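Trainee: There's a structure below that I have some questions on.
Taken together, the values in this text are just the output of simple stated rules run on the coordinates, not laboratory data. Remember, it's a predicted structure, so these values are computed and weren't measured experimentally. Cβ coordinates were reconstructed from backbone atoms using ideal geometry, including for glycine residues, and neighbour counts include every protein chain displayed.
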Amino acid sequence: MSSLEGKLALVTGAGRGIGRAIALDLARAGADVVVNYSRSRQQAEEVARQIEAMGRRAAAVQADVSQKADIDRMFDTVEADFGPVNILVNNAGIEPRADVCDFDEATYDAVMNTNLKGAFFCAQRALRTMRQAGWGRVISVSSLHELTPTGFSALYGMSKGGMALMMREMAKTYSRYGITINNVCPGATRTDINRKVLADPAYEAKVVEKIPAGFIAEPEDIAPTVTFLASNAARYITGASIFIDGGLWL
Ligand code: NAD
């Protein structure tokens with residue numbers, strides 16, 4: 001795989017879970033990495049220190065991606081301190097679970113604003129400078145639920161379904177500028193997003209039973225595909241949703 005040396009990556013929600021694994025993997029491939037976080041500064045700084053220990057440049061930058069003003073402040077800071085973002089990974093996401101009839105307006109707004117609006121406006125900022133540079137990567141961490149309903153969080157499924165069309169809209173008009181735009185779609189992956197539900201062994205057994213590969217993924221099972229999509233080896237892949245789900249969607 002070609003090296004990402006000299007490229008600047010920004011990964012949202014990268015203090016833990018899948019985002020952390022992606023930030024570290026991109027750094028291993030040679031990229032400098034901006035580690036975005038919303039609230040947990042210490043975790044993000046720890047990830048940034050690990051990246052610096054690999055000899056790369058890194059910084060933990062706060063922004064709540066559900067707020068466009070925060071996104072603009074983050075990009076202004078990053079562009080001033082590091083230069084334009086070459087690889088954007090939209091990873092930040094939330095997944096509140098409830099029955100369709102029990103979701104309130106605040107939860108609706110939080111899910112859509114974090115998962116969909118945040119990804120859109122981060123991509124918008126990144127695409128502007130990528131178009132000028134004639135090279136760029138926008139990779140969004142969507143979900144197998146961009147294709148199939150969840151049965152436990154309609155809002156989450158709706159937001160990820162939106163991410164599928166967001167990515168294809170952008171890929172159709174921006175791939176001509178040397179930019180590729182793709183989604184990775186994890187299946188069940190062991191992180192804080194599902195720690196509570198997977199703590200019930202009976203629930204975990206039910207989930208595993210549905211996965212043809214027979215096990216729940218770790219964040220490190222997701223990250224290498226993002227690094228591949230960021231590389232020049234993947235220059236002809238755009239507008240794709242790549243499922244990393246052990247066959248769960250089947
Ligand atoms: P996680 O809860 O560990 O990570 C989510 C990250 O997003 C956290 O760092 C959190 O602080 C950050 N975040 C949340 N709201 C934010 C905001 N407003 N601004 C900035 N950051 C914010 O869970 P994860 O599983 O690592 O989730 C990462 C992505 O993977 C999400 O988009 C999620 O939907 C997706 N995903 C996860 C699974 C899974 O089974 N774990 C499956 C499919 C997709």
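Trainee: Tell me which residues come under 5 Å, amide H to amide H, from Ala92 once H is placed; ignore anything under 5 positions away on its chain.
Mentor: Placed amide hydrogens put Thr12, Gly13 under 5 Å from Ala92.
Trainee: Which order, highest average first, do 6-15, 36-45 follow once you tally other Cβ atoms within 10 Å for each residue and take the mean per peptide?
Mentor: Per-residue Cβ counts within 10 Å, averaged per peptide and sorted highest first, yield 6-15, 36-45.
Trainee: Between the alpha-carbon centers of segment 71-128 and segment 218-250, tell me the distance in whole angstrom.
Mentor: One Cα centre to the other: 20 Å.
Trainee: Something else about it: By how many degrees, between 0 and 90 and to the nearest 10, does the Cα long axis of helix 41-53 differ from the longest principal axis of the chain?
Mentor: 50
Trainee: Only residues of segment 114-144 count here: report those whose backbone N is under 20 Å from the spot 7 Å along Cα→Cβ of Thr173, or say none.
Mentor: Flagged as within label range: 116-140.
Trainee: Also: Hey, what angle do you get for helix 219-230 against the long axis of the chain, alpha-carbon based, 0 to 90 degrees rounded to 10?
Mentor: 40
Trainee: Now for a separate question. Select from Val197, Val47, Val35 the residue whose mean-square fluctuation is largest in a Gaussian network model of the chain (Cα-Cα springs shorter than 10 Å).
Mentor: So, out of Val197, Val47, Val35, the one fluctuating most is Val197.
Trainee: Another one. Rounded to a whole number, what is D in µm²/s for segment 140-228 from Stokes-Einstein with the Kirkwood radius over alpha-carbon pairs (4 °C, 1.567 mPa s)?
Mentor: 89
Trainee: Run through every distinct alpha carbon pair of segment 1-116 and return the Kirkwood hydrodynamic radius in angstroms, one decimal place.
Mentor: After inverting the pairwise mean of 1/r, the radius is 14.7 Å.
Trainee: Between segment 140-199 and segment 6-65, what's the alpha-carbon centroid distance in Å?
Mentor: Segment 140-199 and segment 6-65 have Cα centres spaced 20 Å from each other.
Trainee: Hey, another quick one. Quick one: what Rg and Dmax do you get for segment 178-250 from the alpha carbons, in Å?
Mentor: Considering segment 178-250 through its Cα atoms, Rg and Dmax are 14.4, 48 Å.
Trainee: Here's something else I'd like to know. Segment 101-250: D in µm²/s via Stokes-Einstein (Kirkwood Rh, Cα pairs, 20 °C, 1.002 mPa s)? Could you put the intermediate results ahead of the total?
Mentor: Details: Rh = 16.4 Å.
It comes out at roughly 130 µm²/s.
Trainee: Could you tell me how many cubic angstrom of Cα convex hull volume segment 1-66 has per residue?
Mentor: 72
Trainee: From the cross-link list Lys7/Lys196; Lys68/Lys172; Lys172/Lys196, which pairs have alpha carbons spaced over 29 Å apart?
Mentor: Checking Cα-Cα distances, Lys7/Lys196; Lys172/Lys196 exceed 29 Å.
Trainee: Assuming 0.36 nm per residue, please report the length gained on full extension of the stretch Glu46 to Arg128 beyond their Cα-Cα distance.
Mentor: Using 0.36 nm per residue and subtracting the Cα-Cα distance, I get 26.5 nm.
Trainee: Something else now. Skipping prolines and chain starts, which residues have an amide H placed within reach, meaning under 5 Å, of the one on Val61, given they are 5 or more residues away or on another chain?
Mentor: Amide H to amide H, under 5 Å and 5 or more residues apart or across chains, Val61 pairs with Val35, Asn36, Tyr37.
Trainee: Just the number: Rg to Rh for the chain, Cα atoms, Kirkwood Rh, two decimals.
Mentor: With Rh from the inverse mean 1/r over Cα pairs, Rg/Rh is 0.95.
Trainee: Compare the peptides 240-249, 156-165, 98-107 by average per-residue count of other Cβ atoms within 10 angstrom and give them in order, highest first.
Mentor: My ranking of the peptides, most packed first, is 156-165, 240-249, 98-107.
Trainee: If I stretch the segment between Arg97 and Thr148 completely, what's the gain in nm (0.36 nm per residue apart, minus their alpha carbon distance), one decimal?
Mentor: 16.8 nm
Trainee: Could you work out how much longer the chain between Met112 and Ser3 gets when fully extended? Use 0.36 nm per residue separation minus the Cα distance between them, nm to one decimal.
Mentor: 35.8 nm
Trainee: Could you give the semi-axes, largest first, of the ellipsoid that matches segment 64-167, computed as the square roots of 5 times the alpha carbon gyration tensor eigenvalues and rounded to whole Å?
Mentor: Three semi-axes, in Å: 29, 15, 8.
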